[in-house]
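These notes concern the structure reproduced below.
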Amino acid sequence: MSAQHGYTATVRWTGAGDKGTAAYTSYSRDHDVLLPGRPPLPGSSDPAFRGDPERFSPEELFVVSLSQCHMLWFLHLAAAAGVVVREYVDDATGTMRVESGGEGQFTDVTLHPRVVVDDGPGTDEESLATLHQRAHDHCFIARSVNFRVLVEPAPARRAAA
């Protein structure tokens, strides 16, 4: 039997100003993302679309969600395999194509995870690559998108003894 999980979020636009959407340039793209019991997440559109670069854009958060999902699965699978991970950093990148009519879509996201592990069984590059592949195969978000999510891990470093 499969389990289902539900998620709720509220997005509240805060950028109406004095004129609202009277013109494309008359309003701010600022908004707050509200999740129960947590501080507001300040959002805006990408600066290319008149957004505030000090706030998080949906495109950035989309790339982040793929990176977070992969990381969390990798850590889970590493722990289950007896691999001790000391550090994990991912400099994820995404490419979005915008068509002439204004519509667009992501064409790819590439994850670049770097890990530091304790020396021991299962920490050779082949075993870690297998853990990354399994994490990718399990990531709920990567399984839900219609474009390539590439995983290009850097060679693992060993933790100082």
Q | Residue in segment 73-86 that is buried (at least 17 other Cβ atoms within 10 Å of the Cβ) and under 30 Å from W13 (Cβ atoms) present | A | no
Q) Could you count how many residues in segment 105-141 are open to solvent by 20 Å² or more (accessible area, probe 1.4 Å) and in contact (Cβ under 8 Å) with a residue 24 or more places away in the chain? A) 19
Q.
Just to be sure before I move on: is V151 surrounded by 15 or more Cβ atoms within 10 Å (Cβ to Cβ), farther than 29 Å from D32 by Cβ and more than 17 Å from the chain's Cα centre (by Cα) in the structure I sent?
A. no
Q | Pairs where the first residue, in segment 48-69, is free of Cβ contacts under 8 Å to residues at least 24 places away in the same chain and the second is loosely packed, with under 15 Cβ neighbours inside 10 Å and not in a loop (DSSP other than H, G, I, E, B), C-beta under 6 Å, 6+ apart | A | P53/P47
Q. Somewhere in segment 4-25, is a residue modelled with pLDDT of 95 or more and in contact with a Gly (Cβ under 6 Å, 6 or more places away or on another chain)?
A. no
**Q.** Of all residues making up segment 123-141, the number that are outside any helix (DSSP H, G or I) and touching a strand residue (DSSP E or B) at 6+ places or on another chain (Cβ under 6 Å)
**A.** 1
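The values are calculated or read from the model by the stated rules, or taken from the named source; none is laboratory data. All of these numbers come straight from a predicted model, not from anything done at the bench. Here Cβ is always computed from backbone atoms with ideal geometry, including for glycine, and neighbour counts include all displayed protein chains. We work out accessible area using only protein heavy atoms, side chains counted, and drop any ligands, DNA or RNA first. Shrake-Rupley method; radii C 1.70, N 1.55, O 1.52, S 1.80 Å.
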